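Report on the following structure.
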Amino acid sequence: MRDHLLLMGITKPGELQRNAVKFVSAKAQAFLISEMEKDAFLSEEELTYFKRGRNAHSKTTAKNTDVITYRISTGFEAVFGFNHLKGNDTRVKELARYCIQKISEQNF
C-alpha cells in the first residue's frame, strides 16, 4: 500500500502514515472482506483460508479495535498470504486493486 501511495505522490512521512492506515487498519480490512463477500469476489478456496485465518487462535490481542474486527482482519490477511505463498501474483494484484478502489470510494 505504501508503494501505491508513494506512486500517487504522497511522500511526507506523516501524510503517508495517515493514508496507509486507511488501507491497512483492522477496521478497513473488515470492511473490505464484507465488500468482497457482497461482490462474491473471493473464490471458494480463498473463503476457506479467510475462515481458517479468522478462526485461528492468536497469541496477540487487538490493540485499537474489538476482538471480532481483529479476527476478521486476520482472515483478510490470510487470503493475501495464501495467494502470495501459492505464487498467485496476478491474484494478489487483483485483490490489491479491488481494495484500493473500495477504500478510495469510502471516507475512512
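If you check residue 65 against the conditions, is it surrounded by 15 or more Cβ atoms within 10 Å (Cβ to Cβ) and hydroxyl-bearing (Ser, Thr, Tyr)?
So residue 65 fits the description; yes.
Summed over the range 82-108, residues that are farther than 16 Å from residue 4 by Cα, surrounded by fewer than 16 Cβ atoms within 10 Å (Cβ to Cβ) and in contact (Cβ under 8 Å) with a residue 24 or more places away in the chain total 2. Note on the range 48-67: residues that are in a helix (DSSP H, G or I) and either free of Cβ contacts under 8 Å to residues at least 24 places away in the same chain or farther than 18 Å from residue 28 by Cα (or both) amount to 5.
Just one residue in the set 77, 35, 45 is surrounded by 12 or more Cβ atoms within 10 Å (Cβ to Cβ), acidic (Asp, Glu), free of Cβ contacts under 8 Å to residues at least 40 places away in the same chain and not in a loop (DSSP other than H, G, I, E, B); that residue is 45.
Could you please let me know if residue 19 is in contact with an Asp or Glu (Cβ under 8 Å, 6 or more places away or on another chain) and assigned to a helix (DSSP H, G or I)?
Here the answer is no, as residue 19 does not meet what is asked.
Coordinate-derived values only; no laboratory data. Because the structure is a prediction, the values reported are computed rather than measured. All Cβ positions, even for glycine, are placed from backbone atoms using ideal geometry, and neighbour counts span all protein chains on display.
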